[in-house]
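One structure is given here, and the rest of the page talks about it.
Read-outs throughout are calculated quantities, based only on the coordinates presented, and are distinct from any laboratory measurement. Computed from a prediction, not measured in an experiment: that's the story for all the values here. Here the Cβ is made from the backbone with ideal geometry for all residues, glycine too, and neighbour counts use every protein chain on show.
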Amino acid sequence: MSVSADSTHGTRRTGSRRTVGVRRTGTGSVDAAPWVAMYHSVGDCFDDPYRITVSPDRLDHQLGWLRRRGLRGVSVSELLAARAGGAGRDLVGLTFDDGYADFVEAALPVLRRHDCGATLFVLPGRLAGENAWDPLGPRKRLLDQRGIRLAAASEGIEIGSHGLTHVDLTRADDALLHAEVAESRAVLSELIGAHVQGFCYPYGTVDQRVVDAVRDAGYTYGCAIDPGPLTGPYALPRVHIGQNDSSVRLLLKLKLHRLRRRPVEGA
């Protein structure tokens with residue numbers, strides 16, 4: 001499971017590190033961080049101690065809610081590219097962590113029904129395995145090579161890395177951190193025949209050392225959960241979406257996101 005307002009303008013450098021500043025719109029108002037929704041598994045919710053599963057019907061309802069509000073779910077890369085060009089205010093990032101096999105079986109048909117794309121974060125070190133990092137279970141199948149390629153070939157679906165094996169990177173030594181971040185990108189890029197642009201931090205845990213490793217490995221963005229002062233293109237905040245998120249709850253989460261999240265330069 002992947003569980004401050006500074007009025008400085010532009011981007012400045014401190015030593016060799018980039019410090020992310022705040023972007024303002026042409027009207028002088030601060031631009032909000034992009035809204036990125038965090039999903040995991042799509043299927044039976046009966047045994048779900050970590051609240052990582054939504055049913056296909058609930059996903060259908062949630063995406064329908066977005067569309068009725070004039071919003072469309074897309075991959076994170078598409079969202080960031082649109083916003084970099086001054087557009088994309090009608091776009092929402094959709095992410096699915098862990099690379100469960102049910103993404104192809106259950107999520108893809110619903111995404112297609114609503115003309116939505118998404119980013120699927122997978123674990124190339126656990127191909128055709130299961131979510132062994134969740135001690136309470138239940139055990140869920142992960143995609144194999146064929147499934148990942150099938151998802152990658154689907155219109156609007158982006159494949160990103162969730163590391164090799166789903167470990168807390170803030171506790172990893174340098175060798176393990178390199179393997180989980182850089183080697184996973186190389187393996188996935190070869191698997192799908194395209195450059196992998198996005199990384200997702202397992203458990204949402206992140207610090208500056210891990211952010212630097214993701215940036216240095218060649219990714220263009222990183223997804224976290226609530227990264228606080230690290231918020232930026234390599235630590236994008238996301239909103240957890242679960243089975244209990246009705247239209248009212250989704251509206252509240254959207255409004256709270258716009259109020260609480262610090263802006264992101266270049267996003």
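Once Rh is set to the Kirkwood radius over Cα pairs, what Stokes-Einstein translational diffusion coefficient, in µm²/s, holds for the chain at a temperature of 4 °C and a viscosity of 1.567 mPa s?
70 µm²/s
Which trypsin sites (Lys or Arg not before Pro) in region 119-164 sit in a loop by DSSP (not H, G, I, E or B) and have at most 15 other Cβ atoms within 10 Å of their own Cβ?
Hits after loop and neighbour filter: ARG139.
In debye, nearest 20: dipole of region 65-190 around its Cα centre with unit charges on the Cβ of K, R (+) and D, E (-)?
Roughly 700 debye for region 65-190.
Hey, got a sec? Which chymotrypsin sites (Phe, Trp or Tyr not before Pro) in region 25-128 land in a DSSP loop and have at most 13 other Cβ atoms within 10 Å?
For chymotrypsin sites (Phe, Trp or Tyr not before Pro) across region 25-128 that sit outside H, G, I, E and B with at most 13 neighbouring Cβ atoms in 10 Å, the list reads PHE46.
Report, for the chain, the % of DSSP beta bridges that are antiparallel, rounded to 5.
That works out to approximately 25 percent antiparallel.
Report the dimensions of region 90-185 along its three principal axes from the alpha-carbon atoms, largest first, rounded to Å.
43, 30, 24
Could you give the size of the charge dipole of region 34-260 about its Cα centre, using +1 on the Cβ of each K and R and -1 on the Cβ of each D and E, expressed in debye and rounded to the nearest 20?
I would put it at about 1020 debye.
Largest first and in whole Å, what are the equivalent-ellipsoid semi-axes of region 213-262 based on the Cα gyration tensor, each being the root of 5 times an eigenvalue?
Output for region 213-262: semi-axes of 26, 12, 7 Å.
How much of the DSSP bridge set in region 82-215 is antiparallel, in percent, rounded to the nearest 5?
Within region 82-215, antiparallel bridges account for around 20 percent of the total.
Tell me the GluC sites (Glu not before Pro) within region 146-250 that lie in a loop according to DSSP and have at most 10 other beta-carbon atoms within 10 Å.
GLU155
Would you be so kind as to identify which of ALA87, VAL211, LEU136 lies farthest towards the positive end of the dipole of region 34-260, taking Lys and Arg as +1 and Asp and Glu as -1 on Cβ and the Cα centre as origin?
Going by the charge dipole, the pick is ALA87.
Below 12 angstrom from the Cβ of LEU169, what's the summed charge of the other residues (Lys, Arg +1; Asp, Glu -1)?
-4
Of TYR221, GLY64, GLN243, which is farthest along the charge dipole of the chain in the positive direction, counting Lys and Arg as +1 and Asp and Glu as -1 at C-beta?
Of the candidates, GLY64 comes out farthest on the positive side.
Quick one: putting +1 on the C-beta of Lys and Arg, -1 on the C-beta of Asp and Glu, what dipole do you get for region 25-123 around its Cα centre, in Debye to the nearest 20?
It works out to roughly 560 debye.
From zero up to wherever the largest Cα-Cα distance of region 51-111 sits, split into 5 Å bins and tell me the percent of pairs in each.
4, 17, 24, 23, 17, 11, 4, 0
Treat each spin label as a single point 7 Å out from the Cα along the C-beta direction, and report the SER247 to LEU136 distance in nm.
For SER247 paired with LEU136, the spin-label model returns 3.1 nm.
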